[in-house]
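Only one structure is covered here, and it is reproduced in the block below.
The values are calculated or read from the model by the stated rules, or taken from the named source; none is laboratory data. Given the structure is predicted, the values throughout are model-derived calculations rather than measurements. A quick note on method: Cβ atoms are made from the backbone with ideal geometry, for glycine too, and the neighbour counts reach across all protein chains shown. Heavy atoms of the whole protein, side chains included, go into the accessibility calculation; ligands, DNA and RNA do not. Shrake-Rupley method; radii C 1.70, N 1.55, O 1.52, S 1.80 Å.
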Amino acid sequence: MADTAYLVAAVRTAGGKRDGSLSKWHPADLGAKVLDELVARTGINPADVDDVIFGCVDQVGAQSGNIARNSILSSSLPESVPGTSVDRQCGSSQQAIHFAVQAVMSGTQDVVIAGGTVSAPLARHPVHRIKRAVSADGQEAITHYRVVQRYAAHTHIRVNLKTGRTHQIRV
């Protein structure tokens, strides 16, 4: 078991904007460029990479289907390198890094690439699809569609339209 995990290098793409020069790039291709540059900067043998973990909030549209694995397949890393994607909302990339550190410190893996990705213009974000429902007491509730699908009979998130405060209600 390792006492310490080391951050060896950091690479990122330029920040983009809606309809900017990066907007036509597929997120997996951007991720592949980052992976390839990381391998080039560190000089590591690509076959020595034990795992790739990407945080990604918007795992829909162009970023669906495990963006970490798709980035590996678009990169120079061998097909044998596994990849997984994590969604912890705003903490997705940080969670990916924590998982990588835990894998190294536990001794189960030696070399893990971790980071995050988001390409908002290509995601076609379903979070914007909000369902409106009326609770038993007649107050309007605004609920994220995934919560509605899974917990429709149990929970809604009520938003007080005057104050903006939210809380869960049982229905």
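Assorted remarks:
- Share of carbon and sulfur in the accessible heavy-atom surface of segment 37-108 [1.4 Å probe, %]: 50
- Take K17: with every protein chain present and a 1.4 Å probe, its accessible area is about 150 Å².
- Counting only heavy atoms of the protein chains and using a 1.4 Å probe, E79 has close to 140 Å² of accessible surface.
- Note that segment 44-104 presents 45 Å² accessible area per residue, ligands and nucleic acids not counted, probe 1.4 Å.
- Label-to-label distance, D29 versus D110, with points set 7 angstrom from Cα along the beta-carbon direction: 3.5 nm.
- R41 accessible area, assembled protein chains, probe 1.4 Å, Å²: 140
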